[in-house]
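J.: Dropping a structure here in structure tokens format, bear with me for questions.
The values are calculated or read from the model by the stated rules, or taken from the named source; none is laboratory data. Not measured: the values here are computed from a predicted model. For neighbour counting, all protein chains shown are included, and Cβ atoms are generated from backbone atoms with ideal geometry for every residue, glycine included.
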There are 2 protein chains.
Amino acid sequence: MYRTHTCGELNESNIGQKVILAGWIQTIRDKGFVTWIDLRDRYGITQLVFDEQRTDKDLIEKARKLGREYVIQVSGTVIERSSKNPNISTGSIEILVEKLSILNESLVPPFTIEDDTDGGEEIRMKYRYLDIRRNPVKDKLIFRSKVAQLVRNYLSGEGFIEVETPVLIKSTPEGARDFVVPSRINPGQFYALPQSPQTFKQLLMVAGLDKYFQLVKCFRDEDLRADRQPEFTQIDCEMSFVEQEDVLNTFEGLTKHLLKELKGISFDKFPRMTYAEAMRRYGNDKPDVRFGMEFIELNEELQNNGFKVFDEAELVVGINVEKCASYTRKQLDELTDWVKRPQIGASGLVYIRYNEDGSIKSSVDKFYSEDQLKIVINKANAQPGDLLLLLSGSTKKVRPQLSALRMELAERLGLRNPDEYAPLWVVDFPLLEWDEDENRYLAMHHPFTSPKPEDISILDTKPGEVRANAYDLVLNGNEIGGGSVRIYNKELQGKMLSLLGFTEEDAEAQFGFLMNAFKFGAPPHAGIAFGFDRLVAILGGQEVIRDYIAFPKNNSGRDVMIDAPSYIYKEQLKELNIEIIKD
Amino acid sequence: MYRTHTCGELNESNIGQKVILAGWIQTIRDKGFVTWIDLRDRYGITQLVFDEQRTDKDLIEKARKLGREYVIQVSGTVIERSSKNPNISTGSIEILVEKLSILNESLVPPFTIEDDTDGGEEIRMKYRYLDIRRNPVKDKLIFRSKVAQLVRNYLSGEGFIEVETPVLIKSTPEGARDFVVPSRINPGQFYALPQSPQTFKQLLMVAGLDKYFQLVKCFRDEDLRADRQPEFTQIDCEMSFVEQEDVLNTFEGLTKHLLKELKGISFDKFPRMTYAEAMRRYGNDKPDVRFGMEFIELNEELQNNGFKVFDEAELVVGINVEKCASYTRKQLDELTDWVKRPQIGASGLVYIRYNEDGSIKSSVDKFYSEDQLKIVINKANAQPGDLLLLLSGSTKKVRPQLSALRMELAERLGLRNPDEYAPLWVVDFPLLEWDEDENRYLAMHHPFTSPKPEDISILDTKPGEVRANAYDLVLNGNEIGGGSVRIYNKELQGKMLSLLGFTEEDAEAQFGFLMNAFKFGAPPHAGIAFGFDRLVAILGGQEVIRDYIAFPKNNSGRDVMIDAPSYIYKEQLKELNIEIIKD
């Protein structure tokens, strides 16, 4: 037996007991007459003591030669500490060591194993097994495990069946790029790794399993942006004989359960907003509603007045930044530069300062009278001391620009409180979006999403205006889940695929099995998927998902710890019937 | 709202209620004056009734035109049945239908959706979404989901943390073949899909997470035998600061919990047996101990007596088949043919009949006196009416041959009762096994398994005799789990890899990250993995795993439903920087 207790559980009630502990050496403090060692394991830290009066000399010598991160086992007696540490649960006791075994030595770690480490991102990833020893990382992984169990138990309790769908499936070039896997037994053919189990979960509905869920790895071979992973985890769900309302209620229930269990926060009903409204009020389909700063559309008030920039714009729109009228010219210039960066792409920024003394000062004073600006201020419901910031241009461009500015200001002003949770359903997404590059419509959600019945009549004439029975669950400005009511009619599915530019042959080759399944009594069904990595991060009060993944990949899709991907043996390639193209 | 109730929940207490049901049409029985429809969903069957006296004529006409597997929604009143069906929970009531909507039509399914279907394996796999509508398949998937939740909740309750390890990892040609995934971003390089998360879970132990588990998909690109799948699921576990005894107790606890919860069977302590003993007593390292028929070694009794076949054999060994002395010559000839088949490969079969009247008759009467055979019979503890069957040859060959015969006879005699559960720990496996083809030692479990400390001294001199701290959990003759205490010392790990024929460069290239990790304070650790597909099948009283997998692949690794693997577009290959080798 390596230990009788962990390093996190002993306290005053154990005083006098003989115990055996094992763990890593966090620190050694050698004061000459007495040596203290902090012994660490997953559960906490327990102080070990060796002193000249009570400890065998050889043992003290042995203890002095230990180093940080050595793995040791000690036997000893729990005694009361003279100088207690109220910050840790074991802070009232220490172990008077009687026996010490070195289980393993350690080189000096390349960064400190402390909550605030001196190690940079890269080295921490290379030595991820050391990084995980640090509380902030370890705690995030434990938190993730806890969320996973809560999710599964909740959904199982609601009658959902967990079904494992296959990982080796078929390539379908719609959507992102697939990772593919050459088949040795079927030369020249490839499996693909699933971008989501979408078609399988729909087949499970055809199969009659009316409530399905799975926590499942999905894969996308995308050019990686910051905080995107080529493999990621979804809570994937589907239900039969349901309408949108049933899905929303079920997963509102799940989310409430998580917020209650993990955060102690209770919610009544989550607010809902249409996509059109979200775009109008926040310029964003996943608005952070923890704070206001809503969009004020000002075409009527500010156009046709000789200010060409506004007059020629499709949309003039602003936000009221409360209590910021005191921003200096320098600060405003910096904000202007910020929105003009290529990532944002605005051509300029107009401000209207509504000073504390009631006076108004704007960057467009020469075009507008104070009365005109006063109307704007009133419409924005601004108070003395507030600052209005305005952008203009095409609706499609100016909304995301102003949304980015809104989020940036909220961040700077500390309005994005990580301890506050503001969920929001966004509904009635457009069915299709026009892709300029490909010169065709793409499915906004995916090709299996049902148009709203009342919009089916304009599917041919005004496809861009057709709304879908599609919904997103937004939490603190992050899309944590999204789904839709599915098409379950073969004809409508065929029409949808043709709208998306699939030839009949392509549709048959890629989705034939689903279309076939629809011939045998497909029930009405709908579903949703949550990005589990992001959900866990947000519930943890963070937005960076990488910290919640045990072994994440870097922005080149590389696992720097194991050094993958890597070259493989020629024999492997040959067996797989493939070769690498030489330039 | 599509339904107020499911098709499995209405009973006499609901009589008089207005309800809405939705589901599939199981059967239509049209008796002229009255038409009955059995409506089916995941939860059961409810009888719908349309009759001339009480139902609107148009509605009856509509009902008569429905077909099997149509998806319909009905509103109506729960009424008492005149002729009750006590076999189903809804058998006392029926629904007098007032409204009927056809939600989807169905072609006639290619096989009957009944417990006993007329569909063969191949067509059922092609239309797996229809196969799953059948109770026996559906129930197996629901059972699997239940087992999964029980496992996770038990292990979570024991302090295990579920950690998701990556799927895109690095190819390590030791063991079975890897599936590989070309990297687009890193041209010429490949990820591999994990055969198991072995190295990652060991790294998690180095990282200090002392109890890890995961239900995880693993992948092996093997030539598929019956009932092997290229992707399969493991319950993967690892613990730190533990000895073999701790792991055995923990997972005995898990298995007991499952047997109790799922089968209502309680166990005290699972029996244990060394590998050597299992091989001696059953010729098998995963003996089915639901029945006896143990091996009786008879070299001493039967050698050096002039029967050349026995005299020249390394091992003469038999089993006592109780109450089978009455086997006819024809039956015995058939058994002889059975063991002589190439799959078994015995050269012959010797029998000794101990007849009910006390007389003895054997196929080797001319070599042995009745007294000599009596000694054998006594050693076998045979009773009048029993039959002894003997094989001889090299120990290595004859044990598996006799084991196969033992299992075959047990099957024929009905000794393998699927409702009985006989767990067994097999311990002290050999560390290495000699591979004739490769002319080198292979790791019997895997290269990270620790030799028994007391055997380390003969690692260089008699590697074949070194025992490992490795263990299997056997249930009803199936290995359901296996694991080992791991090496956690860099030097011993290096030595092990060199014994396995790795050059230092290969060891570094493939396992360098693990060896490196061992430099930074690796704790003693050990683990186990359960084959989840098999575990679920055996707990379900079956041995075929395919039925417990929602979308299994066939023996060519093909998903015949979605038709994968398949050819991919030239553009995809080009992007991945690979091409197919042309013959």
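J.: Could you tell me whether the range B:303-315 includes any residue that is in a helix (DSSP H, G or I), at pLDDT 95 or above and under 33 Å from the mean Cα position of the chain (by Cα)?
T.: No, the range B:303-315 contains no residue that is in a helix (DSSP H, G or I), at pLDDT 95 or above and under 33 Å from the mean Cα position of the chain (by Cα).
J.: Just one of the numbered conditions (1) surrounded by 22 or more Cβ atoms within 10 Å (Cβ to Cβ); (2) touching a residue at least 24 places away in the same chain (Cβ under 8 Å); (3) in contact with a Lys or Arg (Cβ under 6 Å, 6 or more places away or on another chain) is not true of B:G159; which one?
T.: Unmet condition: (1).
J.: Based on what the data block shows, is A:E420 within 32 Å of the chain's Cα centre (by Cα) and either surrounded by fewer than 17 Cβ atoms within 10 Å (Cβ to Cβ) or among the aliphatic types (A, V, I, L, M) (or both)?
T.: Taking the combined requirement at face value, the residue satisfies it.
J.: Pairs under 6 Å by beta carbon, first residue farther than 27 Å from B:I528 by Cβ in the range B:407-436, partner surrounded by 14 or more Cβ atoms within 10 Å (Cβ to Cβ), six or more apart or different chains?
T.: B:L409/B:V321; B:A410/B:F291; B:A410/B:R416; B:L415/B:F291
J.: Same structure, new question: Please find, among B:K269, B:K256, B:K263, B:K201, the residue that is at pLDDT 95 or above, buried (at least 20 other Cβ atoms within 10 Å of the Cβ), in the same structural domain as B:I528 (by TED's automatic domain parsing) and of a type in the set (K, R).
T.: B:K201
J.: Scanning the range B:221-236 for residues that are assigned to a strand (DSSP E or B) and either at the interface with chain A (Cβ under 7 Å from one of its Cβ atoms) or without any contact (Cβ under 8 Å) to a residue 24 or more places away in the chain (or both), which turns out farthest from A:V181 (Cα to Cα)? Reasoning before the result, please.
T.: From the range B:221-236, those assigned to a strand (DSSP E or B) are B:231-236; that's our starting set.
Going one step further and asking which of them are either at the interface with chain A (Cβ under 7 Å from one of its Cβ atoms) or without any contact (Cβ under 8 Å) to a residue 24 or more places away in the chain (or both), we end up with B:231, B:233.
Values: B:E231: 13, B:T233: 19 Å.
So, considering only residues that are assigned to a strand (DSSP E or B) and either at the interface with chain A (Cβ under 7 Å from one of its Cβ atoms) or without any contact (Cβ under 8 Å) to a residue 24 or more places away in the chain (or both), the one farthest from A:V181 (Cα to Cα) is B:T233.
J.: Just to verify a result, which residue in the range A:115-129, among those that are farther than 16 Å from A:V544 by Cβ and either in contact with a His (Cβ under 7 Å, 6 or more places away or on another chain) or in contact (Cβ under 8 Å) with a residue 40 or more places away in the chain (or both), is surrounded by the fewest Cβ atoms within 10 Å (Cβ to Cβ)?
T.: Filtering the range A:115-129 for residues that are farther than 16 Å from A:V544 by Cβ and either in contact with a His (Cβ under 7 Å, 6 or more places away or on another chain) or in contact (Cβ under 8 Å) with a residue 40 or more places away in the chain (or both), the one surrounded by the fewest Cβ atoms within 10 Å (Cβ to Cβ) comes out as A:K126.
J.: I'd like the full set of residues that are farther than 20 Å from B:E243 by Cα and among the hydrophobic types (A, V, I, L, M, F, W, C), limited to the range A:1-43.
T.: A:L10, A:I15, A:I25, A:I28, A:F33, A:V34, A:W36, A:I37, A:L39, listed by residue number.
J.: Related question: Restricted to the range A:171-220, and to residues that are assigned to a loop (DSSP other than H, G, I, E, B), charged (D, E, K, R) and without any contact (Cβ under 8 Å) to a residue 60 or more places away in the chain, which residue is farthest from the other protein chains (Cβ to nearest Cβ)?
T.: A:R220
J.: Here's something else I'd like to know. Being outside the structural domain of A:Q542 (by TED's automatic domain parsing) and closer than 18 Å to A:E9 by Cα narrows it down to one of A:T112, A:T77, so name that one. Break it down stepwise before answering.
T.: Working: A:T112 fails: closer than 18 Å to A:E9 by Cα.
Within the list A:T112, A:T77, the selection yields A:T77.
J.: Also, I was wondering about something else. Suppose we keep only residues that are facing chain B (nearest Cβ under 7 Å) and of a type in the set (D, E) within the range A:151-170. Which one would you say is farthest from A:P565 (Cα to Cα)?
T.: Looking at the filtered set, the residue picked out is A:E162.
J.: Also, quick follow-up: Can we say B:G23 is surrounded by 20 or more Cβ atoms within 10 Å (Cβ to Cβ), in contact with a Lys or Arg (Cβ under 8 Å, 6 or more places away or on another chain), part of a strand (DSSP E or B) and more than 14 Å from every other protein chain (Cβ to nearest Cβ)?
T.: no
J.: Would you check which residues across the range B:490-501 are without any contact (Cβ under 8 Å) to a residue 40 or more places away in the chain and within 14 Å of chain A (Cβ to nearest Cβ) and list them?
T.: Across the range B:490-501, the qualifying residues are B:K490, B:E491.
J.: What pairs come out if I take residues in the range A:134-150 that are at the interface with chain B (Cβ under 10 Å from one of its Cβ atoms) and closer than 14 Å to A:F532 by Cα and pair them with residues that are hydrophobic (A, V, I, L, M, F, W, C) and outside any helix (DSSP H, G or I) whose C-beta lies under 7 Å away, six or more apart or interchain?
T.: A:L141/A:I132; A:L141/A:A550; A:L141/B:I161; A:L141/B:V163; A:L141/B:L209; A:S145/B:I161; A:S145/B:V163; A:A148/A:L215
J.: While we're on this one: Can you give me the number of residues within the range B:514-566 that are without any contact (Cβ under 8 Å) to a residue 60 or more places away in the chain and under 30 Å from A:M125 (Cβ atoms)?
T.: 3
J.: Does at least one position in the range A:326-340 carry a residue that is aliphatic (A, V, I, L, M), more than 17 Å from A:A404 (Cα to Cα) and not in a strand (DSSP E or B)?
T.: No - not one qualifying residue is present in the range A:326-340.
J.: Do you know which residues across the range A:377-416 are more than 24 Å from A:K330 (Cα to Cα) and touching a helix residue (DSSP H, G or I) at 6+ places or on another chain (Cβ under 8 Å)?
T.: A:K379, A:G393, A:R399, A:R416
J.: Condition first: acidic (D, E) and either out of contact with any Ser or Thr (no Cβ under 6 Å at 6 or more places or on another chain) or not in a loop (DSSP other than H, G, I, E, B) (or both). Now tell me which residues in the range B:106-160 satisfy that. Before the answer, list the steps.
T.: So the first thing to find is which residues in the range B:106-160 are acidic (D, E), and the list is B:114-116, B:118, B:121-122, B:131, B:139, B:158.
Across the range B:106-160, the qualifying residues are B:E114, B:D115, B:D116, B:E121, B:E122, B:D131, B:D139, B:E158.
J.: Taking B:S13 as meeting all but one of (1) polar (S, T, N, Q); (2) under 42 Å from the mean Cα position of the chain (by Cα); (3) more than 23 Å from B:R64 (Cα to Cα), write down the number of the exception.
T.: (2)
J.: Another question, if that's okay. Looking at the range B:480-538, which of its residues are assigned to a helix (DSSP H, G or I) and in contact with a strand residue (DSSP E or B) (Cβ under 7 Å, 6 or more places away or on another chain)?
T.: So the first thing to find is which residues in the range B:480-538 are assigned to a helix (DSSP H, G or I), and the list is B:490-499, B:504-517, B:532-538.
Selection gives B:L499, B:F532, B:D533, B:R534, B:L535, B:I538.
J.: Follow-up. What is the residue count in the range B:262-278 for residues that are closer than 23 Å to B:V147 by Cβ and of a type in the set (D, E, K, R)?
T.: 3
J.: Considering only residues that are surrounded by fewer than 21 Cβ atoms within 10 Å (Cβ to Cβ) and over 20 Å from the mean Cα position of the chain (by Cα), look in the range A:541-565 and name the one that is farthest from the other protein chains (Cβ to nearest Cβ).
T.: A:V560
J.: Further question: Mind checking whether some residue in the range B:366-383 is closer than 30 Å to B:K269 by Cβ and assigned to a helix (DSSP H, G or I)?
T.: Taking every residue of the range B:366-383 in turn, at least one turns out to be closer than 30 Å to B:K269 by Cβ and assigned to a helix (DSSP H, G or I).
J.: Buried (at least 19 other Cβ atoms within 10 Å of the Cβ), aliphatic (A, V, I, L, M) and more than 30 Å from A:L168 (Cα to Cα): is that true of B:L248 in this structure?
T.: Working: buried (at least 19 other Cβ atoms within 10 Å of the Cβ): yes; aliphatic (A, V, I, L, M): yes; more than 30 Å from A:L168 (Cα to Cα): yes.
Answer is yes for this residue.
J.: So, one more: Report, by residue number, each residue of the range B:27-40 that is of a type outside the set (F, W, Y), out of contact with any Ser or Thr (no Cβ under 6 Å at 6 or more places or on another chain) and either away from chain A (no Cβ under 11 Å) or free of Cβ contacts under 8 Å to residues at least 12 places away in the same chain (or both).
T.: B:T27, B:I28, B:R29, B:D30, B:K31, B:G32, B:V34, B:T35, B:I37
J.: Answer yes if at least one residue in the range B:262-274 is free of Cβ contacts under 8 Å to residues at least 12 places away in the same chain, more than 14 Å from chain A (Cβ to nearest Cβ), in contact with a helix residue (DSSP H, G or I) (Cβ under 8 Å, 6 or more places away or on another chain) and of a type in the set (G, A, S), and no otherwise. Before the answer, list the steps.
T.: Residues of the range B:262-274 free of Cβ contacts under 8 Å to residues at least 12 places away in the same chain: B:264, B:266, B:268.
Imposing the further condition that a residue be more than 14 Å from chain A (Cβ to nearest Cβ) reduces the set to B:264, B:266, B:268.
Subsequent filtering for residues that are in contact with a helix residue (DSSP H, G or I) (Cβ under 8 Å, 6 or more places away or on another chain) retains B:266.
Restricting the remaining residues to those that are of a type in the set (G, A, S) gives B:266.
For the range B:262-274, residues free of Cβ contacts under 8 Å to residues at least 12 places away in the same chain, more than 14 Å from chain A (Cβ to nearest Cβ), in contact with a helix residue (DSSP H, G or I) (Cβ under 8 Å, 6 or more places away or on another chain) and of a type in the set (G, A, S): present.
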